[in-house]
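Working notes, structure below.
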Amino acid sequence: MEKILDIISKKMEQAFQDAGYNAAYGRVTVSNRPDLCQYQCNGALSAAKVYKCAPIAIANAVAEKLQGEDFSMCKAVMPGFINLNLSDSFLRDYLEKMRTAPDFGVQKEGAGKMAIIDYGGANVAKPLHIGHLRPAIIGEALKRLHKFMGYNTIGDIHLGDWGLQMGLIIAELQVRQPDLCYFDPNYTGEYPEEAPFTLSDLEEIYPAASAKKDVDKEFADRAHIATYENQQGRRGYRAIWQHIMDISLPDLRRIYDKLDVHYEKWLGESDAHPYIPAMIEDLKAKGHAVMSEGALVFPVAEEGDKKEIPPCILIKSDGAAIYATTDLATLVQRMQDHHPDKMLYVTDKRQNLHFEQVFRAAKKGGIVKAETVLEHVGHGTMNGADGKPFKTRDGGVLRLEQLLNDMTNFVRSKVVENKIVAEDEVEATTAKIALAALKYGDLSNQPTKDYNFDLERFAAFEGNTGPYILYTIVRIKSILSRYGAWENLPICLPANPYAQELMLCITRLGPALESALRTSSPNLICAYIYELAGAVNKFYHETRILSEENKDLQKGYISLIGLAKRILEQCIDILGFSAPEKM
Ligand code: ARG
């Protein structure tokens, strides 16, 4: 559906033209004085300079041409603004179209395009910690937003499965169990199906090895060699690597499932490996890849750079490929397999330079097309409630699963205490509320900003929180179920100012989703639904709905809140959570 701003801008442009002025002055904006009007046009002020007359004279002439049934007010005011209010019938008709159109008539600007969202970035063999929360939540929301806006989407976790952690585990395992067949270079038989370690062994081996490498140079060297040899395909190491993958992935999946975060692709750095040699040859042939201090690098500095952008390292002096190499090779793979128009990377914003280098190399090297959109969505840090970096009591890094459990336990105690649902529904309801608290608490912040994780504040049923939004939906659901069949009731004229405010708010759905998409900011969706929930609650408090005796009036009320409910549900689905039946 055409956006309201576009519809009324067209009318305003026509009015400028009819009054004898250039139509281009007729652009309408949302009013910055909502107490005075809903929309405004400031074109007469600029036009006055060109036509050399008083702005108010132009505004008056234009306003006169614009009168009609779409506006309840169209008024020129000093020094030359044109203030507009939509008429009730315009609002009703627009909402009725939204109600009956697929996806509320939101324009699908991604139609026919493909977007890959690279998010989560879990590292195999290392437990997910709280640093993995934001990329998972923000990435999932951005993926769902792109999908809603018409894109074909692929979410790819881009596992860290190729780096030093693998070499560290292999080297440490060799210290502990040197006689395993994996380490015997002369072994030619099949390797055992069963891994020589369990998940909890791994959870102990990796940190131990990682600590050792910092104090034991000789061990660190062996881990580096093992990393390299694994990448080159040494059989015994690949077999250990496969064991690590087989044990680690189901556990990662389990936790992402709990977060309602789902990937279409579980590809990793290792999957990009086969693409590296040909890519390097190609970059060398094109003269992009050059030797510098023993390493192969791709210079990406540009004239006019404000800060120094160092060359992108492709192959280190020891022959190993690095993070940037696999990211470039992954781009080769993605372009070949999916021809994406857009790729988003959601990681900590401290990786900004890395992505700047990779994106430049990808464009200069012709790995992606000039018009392929590459965007790094860098997020800030989640700190503790005191604003300090999040630590466990003993100073360690908090596990993601622990954080989720803490939130769940806190919410469960509220659900039980307030006897919100029957006993057998406690777990399901708790899970929904806890997820909403966690996700909304995160997503309502601009991605780039740091924020403080505050369990009690996030889980509160009042204020700008996930549970408040759920509560609003549940309240509407309860009214609707007491009313009866509501799905086909048409929208009516706004019967009071609260209904009108709610209707106006509903019309802003499309623009809100569009800005969220353009700026990769799920926080704009949160801001929108917070406003919408506020408008619903205000309307509810000021209007008798179920006890209304005028049945036609009542139908209109019910239809309106039914539409609001569907929109709220759609928006929280994009954000990645859902509402329970009762709260
Ligand atoms: N595994 C990486 C990390 O822990 C994040 C991966 C992000 N995606 C990418 N294509 N680089 O930092």
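What the table below lists for this structure:
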read-out: Subset of the stretch 352-378 (residues that are aliphatic (A, V, I, L, M) and either open to solvent by less than 40 Å² (accessible area, probe 1.4 Å) or assigned to a strand (DSSP E or B) (or both)); value: 358, 361, 362, 367, 368, 373, 374, 377
read-out: Residue list for the stretch 525-543, restricted to those being open to solvent by 40 Å² or more (accessible area, probe 1.4 Å) and farther than 15 Å from residue 507 by Cβ; value: 527, 530, 538, 540, 541, 542
read-out: Residues of the stretch 436-452 that turn out to be surrounded by fewer than 21 Cβ atoms within 10 Å (Cβ to Cβ) and farther than 21 Å from residue 534 by Cα, as a count; value: 5
read-out: Members of the stretch 49-60 that are under 16 Å from residue 12 (Cβ atoms), touching a helix residue (DSSP H, G or I) at 6+ places or on another chain (Cβ under 8 Å) and open to solvent by 10 Å² or more (accessible area, probe 1.4 Å); value: 55
read-out: Residue selected from the stretch 379-398 under the condition at pLDDT below 90 and buried (at least 17 other Cβ atoms within 10 Å of the Cβ), by the criterion farthest from residue 453 (Cα to Cα); value: 398
read-out: Any hit, the stretch 275-286, residues being under 24 Å from residue 157 (Cβ atoms), of a type outside the set (S, T, N, Q) and modelled with pLDDT under 95; value: no
read-out: Among the residues listed as 159, 142, 84, the single one being within 30 Å of residue 403 (Cα to Cα), away from the ligand (no atom under 13 Å from the Cβ), touching a Phe, Trp or Tyr at 6+ places or on another chain (Cβ under 8 Å) and of a type in the set (A, V, I, L, M); value: 142
read-out: Index of the failed condition, residue 546 passing every other in (1) open to solvent by 50 Å² or more (accessible area, probe 1.4 Å); (2) of a type outside the set (Ser, Thr, Tyr); (3) free of Cβ contacts under 8 Å to residues at least 40 places away in the same chain; (4) not in a helix (DSSP H, G or I); value: (3)
read-out: Qualifying residue in the stretch 192-202 (condition: more than 16 Å from the ligand (Cβ to nearest atom) and in contact (Cβ under 8 Å) with a residue 60 or more places away in the chain); value: yes
read-out: Boolean, residue 170 is assigned to a strand (DSSP E or B) and either over 20 Å from residue 523 (Cβ atoms) or within 14 Å of the ligand (Cβ to nearest atom) (or both); value: no
read-out: Every residue from the stretch 359-379 that is β-branched (Val, Ile, Thr) and farther than 17 Å from residue 281 by Cα; value: 372, 373, 377
read-out: Single residue of the stretch 108-156 satisfying the filter (modelled with pLDDT under 95 and part of a strand (DSSP E or B)) that is least open to solvent (accessible area, probe 1.4 Å); value: 123
read-out: Residue match in the stretch 75-91 (condition: without any contact (Cβ under 8 Å) to a residue 24 or more places away in the chain, of a type in the set (Phe, Trp, Tyr) and within 30 Å of residue 561 (Cβ to Cβ)); value: yes
read-out: Residue in the stretch 283-293 that is more than 11 Å from the ligand (Cβ to nearest atom), out of contact with any strand residue (DSSP E or B) (no Cβ under 9 Å at 6 or more places or on another chain) and open to solvent by less than 30 Å² (accessible area, probe 1.4 Å) present; value: no
read-out: Residues that are open to solvent by 60 Å² or more (accessible area, probe 1.4 Å) and either within 16 Å of the ligand (Cβ to nearest atom) or within 30 Å of residue 15 (Cα to Cα) (or both), drawn from the stretch 89-107; value: 92, 93, 97, 107
read-out: Subset of the stretch 568-583 [under 25 Å from residue 418 (Cα atoms), part of a loop (DSSP other than H, G, I, E, B) and open to solvent by less than 10 Å² (accessible area, probe 1.4 Å)]; value: 577, 580
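The rows are residues; the columns are (1) in contact with a Gly (Cβ under 9 Å, 6 or more places away or on another chain); (2) more than 30 Å from residue 521 (Cβ to Cβ); (3) in contact (Cβ under 8 Å) with a residue 24 or more places away in the chain; (4) assigned to a helix (DSSP H, G or I).
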residue: 385; (1), (2), (3), (4): no, no, yes, no
residue: 397; (1), (2), (3), (4): yes, no, yes, no
residue: 405; (1), (2), (3), (4): no, no, no, yes
residue: 416; (1), (2), (3), (4): no, yes, no, yes
residue: 420; (1), (2), (3), (4): no, yes, yes, no
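The values are calculated or read from the model by the stated rules, or taken from the named source; none is laboratory data. A quick note: this is a predicted structure, and the numbers were derived from the prediction, not measured. All Cβ positions, glycine included, derive from the backbone under ideal geometry; neighbour counts span all protein chains shown. We work out accessible area using only protein heavy atoms, side chains counted, and drop any ligands, DNA or RNA first. Shrake-Rupley method; radii C 1.70, N 1.55, O 1.52, S 1.80 Å.
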